[in-house]
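**Student:** Structure provided below as structure tokens; questions to follow.
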Amino acid sequence: MSGPVSYAKDGDIAVISIDNPPVNALGQGVRQGLVDAMDQFDADDSAKIAVIVGEGRTFPAGADISEFGKPPTGPALPDVATRIERATKPVVASIHGTSLGGGLEISMGAHYRIAQNTAKVGLPEIHLGIFPGAGGMIRAPKLIGFEKTLEIVHSGRHVKAPEALGMGLIDVVDESGDAKAAGIAYAKKLLEEGAGVRRTTDLPLENPGKDWFDAARAAAAKKARGLMNFVEAVNAAEGALMPVDEGMKHEREHYMKCHMSSQRAGMVHAFFSERAVAKVPEAKVEPRPLKQIGVIGGGTMGAGITAAALNAGLSVVMVEMNPEAVARGEANLRRNYASSVAKGRMTQEALDGLIASKMTFSDDYAAMSDCDLIIEAVFEKMEVKKEVFGKIDAIAKPGAVLASNTSYLNIDEIAAATSRPQDVLGLHFFSPAHIMRLLEVVVGEKTLPEVAATGFALGRMMKKVAVRSGVCDGFIGNRILAKYMTVANYMVEDGASPYLIDEAVREFGYPMGPFQMGDLAGLDIGYFNRQGKAADRNPNVRYGAGFLDEMYHKGWLGQKTEIGFYDYAGGARSGPPNPGIMPLIEAEREKLGVEPREFTKEEIMRRYIAAMTNEAAKVVGEGIALRPLDVDMTALFGYGYPRWRGGPMHYADEVGLDKILADIREFEKEDSHFWTPAPLLVQLVEEGKKFADLNNA
Ligand code: T1G
């Protein structure tokens with residue numbers, strides 16, 4: 001037998017090995033190979049028992065996701081699991097590494113399961129917009145019951161072998177580190193004991209009743225955040241109570257609804273893109289070593305970056321202006337761990353120990369002279385940044401990487417304030433920096449590849465999704481954000497209520513709307529930003545922020561003042577609309593001479609998406625983002641874009657670039673300054689291409 005599955009003998013034991021690196025995904029060749037191996041095993045009279053094992057680092061980690069969306073090729077995975085189960089002699093699955101999704105489903109098709117104690121098993125399909133669809137919803141309940149099945153399916157978590165043993169998902173845990181030898185030894189033991197075929201689907205299963213399933217559906221719908229697979233998984237699980245063939249068919253029907261959905265396409269795009277963002281030109285360059293970093297500023301951002309660095313195992317020197325500010329910085333840092341301590345995830349002693357062993361606090365820049373990387377998180381003003389970088393330049397050791405956490409300022413200009421612009425880059429963290437996954441690595445004109453590589457290395461250590469960005473106002477994320485926020489403001493002036501806009505954006509799948517987000521971030525930030533740019537403002541460009549300036553002057557800054565677009569009386573995190581907002585907006589419309597008109601939620605989203613897509617296309621066209629997928633991951637991990645829509649560029653492909661361009665051209669008639677079509681968008685439409693074509697280039 002050739003191909004990724006081999007059939008060998010160890011005495012009267014058939015050893016069926018899967019060899020499809022890197023993760024032994026169950027692609028067509030593996031599926032066919034397993035069916036052939038089962039046929040050979042059944043026909044092989046000298047074989048009394050079979051062991052299925054993965055070569056290399058793991059048992060199969062699931063279906064081959066890269067086949068999704070392509071025409072299906074047989075045999076189908078559910079039939080493979082069933083073929084294994086229907087073997088006429090016992091079959092053992094010997095698991096090491098990760099047995100996930102379809103990998104666990106074929107293990108459950110086997111009659112016995114042994115796992116290395118370091119192995120992890122799970123059904124993570126929920127993260128791909130689907131649920132286990134190769135008999136997993138039929139067999140798992142028979143092994144561990146409905147409740148636990150839904151818990152591991154809905155969480156998608158990796159279950160460590162000892163826990164899986166306790167649940168009954170596997171039969172034996174082995175510590176030898178050799179899955180093949182352990183599988184063979186277990187098979188021998190089973191033969192000696194006279195163990196026979198033990199089909200999972202033959203096991204008895206108690207019906208918890210319709211009310212139980214209805215309650216499970218209601219609970220799943222709550223967790224789903226717009227995804228259909230949560231409830232469909234519960235529907236499929238009911239198939240476990242049916243005769244096996246009928247149950248498998250039932251599971252398949254519900255599974256295919258998810259598999260064929262755009263939600264699945266979005267989630268799979270996110271899976272691959274999350275990994276592809278790391279594939280940057282600098283990825284092959286050796287980064288500089290990182291052990292100790294310096295953080296300038298102990299405010300929200302600096303304390304968040306410090307916590308992220310500590311969690312990554314780094315030592316940190318935090319520098320503030322004076323002893324009082326240093327004390328506040330330490331308090332801010334400790335506050336980042338408060339909920340971990342309160343919830344018992346970390347003891348107070350462990351936190352004190354971490355801070356004592358890894359932290360240095362100082363009000364003197366010289367304390368950072370031995371740091372491998374120094375990052376500033378000070379006030380967002382060019383003069384301030386330049387002064388800080390001049391001071392860093394004076395004390396940093398040769399070869400230290402100098403980073404700015406600015407969210408929009410020009411990195412090249414900041415770098416020019418030092419004698420070593422080649423060592424300077426932007427590391428744009430998102431607040432709270434120890435929680436938010438996105439890190440924009442901003443590569444300046446003179447930044448050396450090894451310096452950029454060090455930024456990515458820091459991202460990896462911190463488990464961030466690091467996206468490479470070029471230099472422009474706002475980089476990838478904030479530059480695009482500025483455009484869709486502006487269009488939201490324009491719509492408010494033209495007649496839409498901010499509450500309707502927030503609702504439309506939430507219904508699209510964002511956790512909050514743009515005005516809720518403004519309240520959360522603080523409306524003074526936008527105000528100062530507008531003030532800073534006032535001198536350069538093009539008078540032909542519509543302003544659109546008059547009502548926001550009015551709010552600033554009234555002190556309605558959002559959550560921090562307990563009133564903004566919404567009322568946060570008593571420090572609440574959400575609240576009813578501020579009754580003063582609509583009169584304020586109406587007065588502004590009157591001042592501007594605007595006759596307000598009706599907006600539907602659909603129209604709101606058309607404009608919102610058009611603004612987002614157009615700016616994103618400019619960001620890609622200008623080479624600020626390497627590929628459309630880099631924009632998608634920025635939006636997902638930094639801006640709350642719904643993962644199941646894949647990202648703004650993936651979604652634009654799905655809507656149709658021609659449709660979006662037609663919208664932009666229609667809006668351009670009203671305001672040609674704001675709505676200039678992106679050259680890349682025009683080009684792609686003319687060539688009949690999609691953004692996805694640029695990802696694959
Ligand atoms: N299919 C295709 N490629 C895969 C893959 C898969 N299932 N899993 C990983 N890869 C690629 C990945 O893109 C990367 O490629 C390389 O392998 C290493 O991955 C019917 C239908 C196993 C825990 O959801 O969670 O079964 O970037 O960098 O950090 O019910 O990969 O090197 O080119 O992530 O060591 C269910 C998905 C499938 C598991 C390893 N299974 N994989 O993590 O390495 S759906 C999953 C993972 C299913 C049935 C349904 C992780 C991992 P490249 P990596 P890692």
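The values are calculated or read from the model by the stated rules, or taken from the named source; none is laboratory data. Quantities reported herein were computed from a predicted structural model and do not represent experimental measurements. With ideal geometry, Cβ positions are generated from the backbone for all residues, glycine too; neighbour counts draw on all protein chains shown. Note: areas computed on protein heavy atoms with side chains; ligands, DNA, RNA excluded. Shrake-Rupley method; radii C 1.70, N 1.55, O 1.52, S 1.80 Å.
**Student:** Filter region 244-285 down to the residues that are under 23 Å from Glu67 (Cβ atoms), open to solvent by 20 Å² or more (accessible area, probe 1.4 Å) and acidic (Asp, Glu) and list them by number.
**Tutor:** Selection gives Glu253, Glu274.
**Student:** Step by step: first the residues of region 257-277, then only those that are more than 10 Å from the ligand (Cβ to nearest atom) and free of Cβ contacts under 8 Å to residues at least 60 places away in the same chain, then the one that is nearest to the chain's Cα centre (by Cα). Which residue is that?
**Tutor:** Selected residue: Met260.
Okay, residues lined up against (1) among the acidic types (Asp, Glu); (2) in contact with a helix residue (DSSP H, G or I) (Cβ under 9 Å, 6 or more places away or on another chain); (3) under 19 Å from Met633 (Cα atoms); (4) surrounded by fewer than 17 Cβ atoms within 10 Å (Cβ to Cβ):
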position: Val443; (1), (2), (3), (4): no, yes, yes, no
position: Val451; (1), (2), (3), (4): no, yes, no, no
position: Ala457; (1), (2), (3), (4): no, no, yes, no
position: Val465; (1), (2), (3), (4): no, yes, yes, no
position: Asp494; (1), (2), (3), (4): yes, yes, no, no
position: Ser497; (1), (2), (3), (4): no, yes, no, no
position: Glu507; (1), (2), (3), (4): yes, yes, no, yes
position: Leu523; (1), (2), (3), (4): no, yes, no, no
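**Student:** Mind checking whether some residue in region 647-656 is in contact (Cβ under 8 Å) with a residue 12 or more places away in the chain, under 23 Å from Lys279 (Cα atoms) and not in a helix (DSSP H, G or I)?
**Tutor:** Looking for residues that are in contact (Cβ under 8 Å) with a residue 12 or more places away in the chain, under 23 Å from Lys279 (Cα atoms) and not in a helix (DSSP H, G or I), one finds at least one in region 647-656, hence yes.
**Student:** Moving on to the next point. Just give me the residues in region 4-27 being of a type outside the set (A, V, I, L, M, F, W, C) and not in a strand (DSSP E or B), in sequence order. Spell out how you get there, then give the answer.
**Tutor:** Restricting attention to region 4-27, the residues satisfying the condition of being of a type outside the set (A, V, I, L, M, F, W, C) are 4, 6-7, 9-12, 17, 19-22, 24, 27.
Within region 4-27, Pro4, Gly11, Asp12, Asp19, Asn20, Pro21, Pro22, Asn24, Gly27 meet the criteria.
**Student:** With respect to the numbered conditions (1) closer than 21 Å to Ser469 by Cβ; (2) open to solvent by 40 Å² or more (accessible area, probe 1.4 Å); (3) at pLDDT 95 or above, which one is the sole condition not fulfilled by Phe361?
**Tutor:** Phe361 satisfies all of (1) closer than 21 Å to Ser469 by Cβ; (2) open to solvent by 40 Å² or more (accessible area, probe 1.4 Å); (3) at pLDDT 95 or above except (1).
**Student:** Would a scan of region 42-49 turn up a residue that is under 17 Å from Ala179 (Cβ atoms), touching a Leu at 6+ places or on another chain (Cβ under 6 Å) and open to solvent by less than 10 Å² (accessible area, probe 1.4 Å)?
**Tutor:** From region 42-49, those under 17 Å from Ala179 (Cβ atoms) are 49; that's our starting set.
Checking the rest, the ones that are also touching a Leu at 6+ places or on another chain (Cβ under 6 Å) come to 49.
Adding the requirement that they be open to solvent by less than 10 Å² (accessible area, probe 1.4 Å) leaves 49.
Within region 42-49 (the criterion being under 17 Å from Ala179 (Cβ atoms), touching a Leu at 6+ places or on another chain (Cβ under 6 Å) and open to solvent by less than 10 Å² (accessible area, probe 1.4 Å)), the answer is yes, since at least one residue qualifies.
**Student:** While we're here: Just give me the residues in region 261-297 being in contact with a helix residue (DSSP H, G or I) (Cβ under 8 Å, 6 or more places away or on another chain), more than 19 Å from Gly640 (Cα to Cα) and not in a helix (DSSP H, G or I), in sequence order. Steps first, please.
**Tutor:** Looking only at region 261-297, we keep the residues that are in contact with a helix residue (DSSP H, G or I) (Cβ under 8 Å, 6 or more places away or on another chain), and these are 262-274, 276-278, 280-283, 285-288, 290, 293-297.
Now narrow it down to the ones that are more than 19 Å from Gly640 (Cα to Cα): 276, 278, 280-283, 285-288, 290, 293-297.
Within region 261-297, Ala278, Val280, Val285, Glu286, Pro287, Arg288, Leu290, Ile293, Gly294, Val295, Ile296, Gly297 qualify.
**Student:** Could you go through region 28-48 and let me know if any residue there is within 16 Å of the ligand (Cβ to nearest atom) and outside any helix (DSSP H, G or I).
**Tutor:** No: zero hits.
**Student:** May I pose another question? If you check every pair at least six apart or on different chains, which have Cβ atoms under 7 Å apart with a residue in region 474-489 that is in a helix (DSSP H, G or I) first and a residue that is polar (S, T, N, Q) and open to solvent by 10 Å² or more (accessible area, probe 1.4 Å) second?
**Tutor:** Asn478/Ser407
**Student:** Report, by residue number, each residue of region 83-95 that is surrounded by 24 or more Cβ atoms within 10 Å (Cβ to Cβ) and among the polar types (S, T, N, Q). It would help to see each step written out before you state the result.
**Tutor:** Looking only at region 83-95, we keep the residues that are surrounded by 24 or more Cβ atoms within 10 Å (Cβ to Cβ), and these are 84, 91-95.
Passing the criteria: only Ser94.
**Student:** Against the conditions (1) out of contact with any Leu (no Cβ under 8 Å at 6 or more places or on another chain); (2) open to solvent by less than 20 Å² (accessible area, probe 1.4 Å); (3) within 13 Å of the ligand (Cβ to nearest atom); (4) not acidic (Asp, Glu), where does Pro60 fall short? Just the number, please.
**Tutor:** The single condition Pro60 does not satisfy is (1).
Yes or no, residue by residue, for (1) without any contact (Cβ under 8 Å) to a residue 24 or more places away in the chain; (2) surrounded by fewer than 12 Cβ atoms within 10 Å (Cβ to Cβ):
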position: Tyr527; (1), (2): no, no
position: Ala534; (1), (2): yes, yes
position: Asn540; (1), (2): no, yes
position: Gly544; (1), (2): no, no
position: His553; (1), (2): yes, yes
position: Gln559; (1), (2): no, no
position: Ile563; (1), (2): yes, no
position: Tyr568; (1), (2): no, no
position: Pro577; (1), (2): no, no
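**Student:** Let me ask another. Just one of the numbered conditions (1) in contact (Cβ under 8 Å) with a residue 24 or more places away in the chain; (2) under 18 Å from Gly302 (Cα atoms); (3) surrounded by 14 or more Cβ atoms within 10 Å (Cβ to Cβ) is not true of Arg334; which one?
**Tutor:** It fails just one condition, (1).
**Student:** Out of Asn229, Asn207, report the one residue that is modelled with pLDDT of 95 or more and surrounded by fewer than 17 Cβ atoms within 10 Å (Cβ to Cβ). Talk me through it step by step, then tell me what you get.
**Tutor:** Numbers: Asn229 fails: surrounded by fewer than 17 Cβ atoms within 10 Å (Cβ to Cβ).
Going through Asn229, Asn207 in turn, the sole match is Asn207.
**Student:** Where the second residue is surrounded by 17 or more Cβ atoms within 10 Å (Cβ to Cβ) and the first is on the phi > 0 side of the Ramachandran plot and lies in region 219-245, which pairs have Cβ atoms under 6 Å and are six or more apart or on separate chains?
**Tutor:** From residues that are on the phi > 0 side of the Ramachandran plot, the pairs are Gly226/Gly509.
**Student:** While we're looking at this one, here's another question. Among the residues of region 96-121, which ones are on the phi > 0 side of the Ramachandran plot and surrounded by fewer than 24 Cβ atoms within 10 Å (Cβ to Cβ)?
**Tutor:** First, pick out the residues of region 96-121 that are on the phi > 0 side of the Ramachandran plot: 97, 101.
Correct list: Gly97 only.
**Student:** Now a separate question. I'd like the full set of residues that are out of contact with any Asp or Glu (no Cβ under 8 Å at 6 or more places or on another chain), assigned to a helix (DSSP H, G or I) and open to solvent by less than 10 Å² (accessible area, probe 1.4 Å), limited to region 591-628.
**Tutor:** Ile604, Tyr608, Ala611, Met612, Thr613, Asn614, Ala616, Ala617, Val619, Pro628
**Student:** If you go through region 374-388 one residue at a time, do you hit one that is open to solvent by 40 Å² or more (accessible area, probe 1.4 Å) and modelled with pLDDT of 95 or more?
**Tutor:** yes
**Student:** Which ranges mark the helices (runs of 4 or more DSSP H) fully within region 149-234 that have 1 or more residues being touching a His at 6+ places or on another chain (Cβ under 7 Å)? Steps first, answer last, please.
**Tutor:** Values: elements: 161-167, 179-193, 210-223.
Those helices (runs of 4 or more DSSP H) span 179-193, 210-223.
**Student:** Here's a follow-up. Can you tell me which residues in region 63-89 are in contact with a strand residue (DSSP E or B) (Cβ under 8 Å, 6 or more places away or on another chain), within 14 Å of the ligand (Cβ to nearest atom) and charged (D, E, K, R)?
**Tutor:** Selection gives Asp64 alone.
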